[in-house]
Ligand SMILES: Cc1ncc(COP(=O)(O)O)c(C=O)c1O
């Protein structure tokens, strides 16, 4: 069997718990909408949206209606032509990395990290190095470390703020400084922005990198910040036409185009993005208040850096205790909850990823409340 696509560590990890009916408490997206709640939130029924939907193939780059909705409602200074829609963010990542990278290229990434953001470049044959968020300093990013890495050569810098798994973010000034460094060293910047919109206060919202940097690629999806994973629509935004053309060539080997049904639903749903985000943020803010109540899990002391964005935390296991993998096993066995251990995120920090965007998060907290 050919091994060009090694199984992702996340998939390998989840496989061992298959069929055990554990309650996921590691999700990074808010509670998914039900159809009824979504229809009520946007004030339209799926039936009315899908009346006379076109059942032919959609355009490869995505329907104009959806690309216009995305450009107008989610971004400033972005046009429909800058957008390509995909079957999820995962397909965006696959196409963007393959469009940009050659074997031997150097890629820099912020760790801890969502595995595909580095595993796809590694599969291509790139050299990947990391700048680590500082767990002793509110998960901050040291830009001197970034510049040091850029100065020895770098084709692409991969960032993801709001950040999975730590819930960290950048200030607007830090983002601008990153872009200044990218310009200085001629580095492409891939910004995974799938949690953009989940800032607990609007002042934390960052501009999309595609809107402020010609070599910036912004990645979005309806499954994360908007909490509709059952509609499989993600998008790439980039002002560079050559890059977009190459992405389309590669998409031609994958989904080719999205389902018209998904695109039609997404284009109506995302006409009112703030309505969806407000519902999600209401759950998140309520649950966030409970985070301070968890000081230990299964008798193990932990430390939580309370995030200002997103709905996941990377709870640090206090030194000298159990490994995160063993703790996850213990929790699954005794409490029926599934969390993610830190070894899935390319980091030495011993931590657990916990999602707090779900409606049942209070039950989880109740179990461990001190
Ligand atoms: C940071 C990040 N990017 C991209 C994705 C992929 O999103 P999707 O599976 O909806 O394509 C995820 C999924 O967890 C993610 O956490």
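Only the coordinates and a few stated rules stand behind these numbers; no lab work does. Predicted model only: the values in this text are computed from it and were never measured. Cβ: placed from backbone, ideal geometry, glycine included. Neighbour counts: every protein chain shown.
Structural remarks
- Förster radius 25 Å - calculated FRET efficiency between residue 211 and residue 59, Cβ distance, rounded to 0.05: 0.60
- Translational diffusion coefficient (Stokes-Einstein; Kirkwood radius from C-alpha pairs) of segment 1-156 at 20 °C, 1.002 mPa s, in µm²/s: 108 µm²/s
- Take every Cα pair under 8 Å whose residues are at least 6 apart in sequence, average their separation, divide by the length of segment 73-163, and the relative contact order is 29 percent.
- Shape category assigned to segment 296-351 from the gyration tensor of Cα positions, a/c cut at 1.5: rounded
- Distance between the 7 Å Cα→Cβ label points at residue 245 and residue 274: 3.9 nm.
- With contacts taken as Cα pairs under 8 Å at a separation of at least 6 residues, the chain carries a relative contact order of 25 percent.
- Each residue in 289, 279, 196 was given a count of other beta-carbon atoms within 10 angstrom of its own, and listing them fewest first yields 289, 279, 196.
- Distance-filtered residues of segment 308-350 - backbone nitrogen under 16 Å, label point 7 angstrom along residue 142 Cα→Cβ: 348-349
- Cα gyration tensor shape of the chain, rounded if a/c is under 1.5, else prolate or oblate by comparing a/b with b/c: oblate
- Segment 255-370: relative contact order in percent, alpha carbon pairs under 8 Å with at least 6 residues between: 28 percent
- Rounded to 5, the percent of DSSP beta bridges in the chain classed as antiparallel: 50 percent
- Taking 7 Å steps out from each Cα toward its Cβ at residue 285 and residue 298 produces label points 3.4 nm apart.
- Taking a ≥ b ≥ c as the square roots of the eigenvalues of the alpha carbon gyration tensor, segment 143-294 is oblate, as a/c is not under 1.5 and a/b does not beat b/c.
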